[in-house]
């Protein structure tokens, strides 16, 4: 093991020792975190063998440190991506873990003035945390993507932890955060297409479909009010753009001017996340480029704005 790798492993071991829960030995804690034997854990803590890349990434999730912070520099030829939670966890556990990750992230950015950019092909649950049936649908869809066993919407239990997590998300997004939305012109249609797919498979009843449609309609009403006023319900600044170009996948970017995070959803309910400057800078560059092909509907282009929201309501009303 060369000097550079030895220094990295020493820093990681120091973090493990420092953050081991009271009453527990660091070696036992490391064994449980990495699912390794006693001898392997001892040898890692003493620096006799290096941590693997997978182990470093897993420990960085557990203790919330950046690989670049540990290595002391950003590598030109490589970068690290993150996923909230352990992707092999039970769908319910992973779902709650993912939202816990986002609550922790928003709490960090809430301490200073931040801007949150949404680039949306379809709705994300963060936009509808107060609408129970639609939130339950997102979880229902999640379970179907993460598990092979089909379940009916009416029989699925929405995680009870989500109520408290949703309140925290609402709190951290309620003030000190400005919003910019770039939405695909078919954002609502794409969302309803997902709902109708499960309805046509007889996994969602007509009664539940109507409740989901009600929640989507409520979102449209709130979104239109933001477009008309340029403000959220607590007075945060809001800009909404409708893209002339197709938006293939959802992404979210948040920055407070000093630090930034990027999140990408690629045919999955689990986002790929990055805090690396090269990734976040490229993401912001993409967002600014996309704006050049958008229509700003916040407090402007009133005719287009009215036609846009009328069309969204029609899509929901006629969805069956």
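Hey, can you tell me all the residues within the range 182-197 that are farther than 30 Å from residue 254 by Cβ and either in contact with a strand residue (DSSP E or B) (Cβ under 8 Å, 6 or more places away or on another chain) or touching a residue at least 60 places away in the same chain (Cβ under 8 Å) (or both)? Before the answer, list the steps.
Applying the first criterion (farther than 30 Å from residue 254 by Cβ) to the range 182-197 yields 196-197.
Selection gives 196 alone.
Filtering the range 225-256 to residues that are farther than 27 Å from residue 107 by Cβ and buried (at least 19 other Cβ atoms within 10 Å of the Cβ) leaves 227, 241, 242, 243, 247.
Any read-out appearing in this document is the output of simple, stated calculations on the displayed coordinates, not a laboratory observation. This structure is a prediction, so every number in the text was calculated from the model and none was measured. Virtual Cβ from ideal backbone geometry, glycine too; neighbours counted across all protein chains shown.
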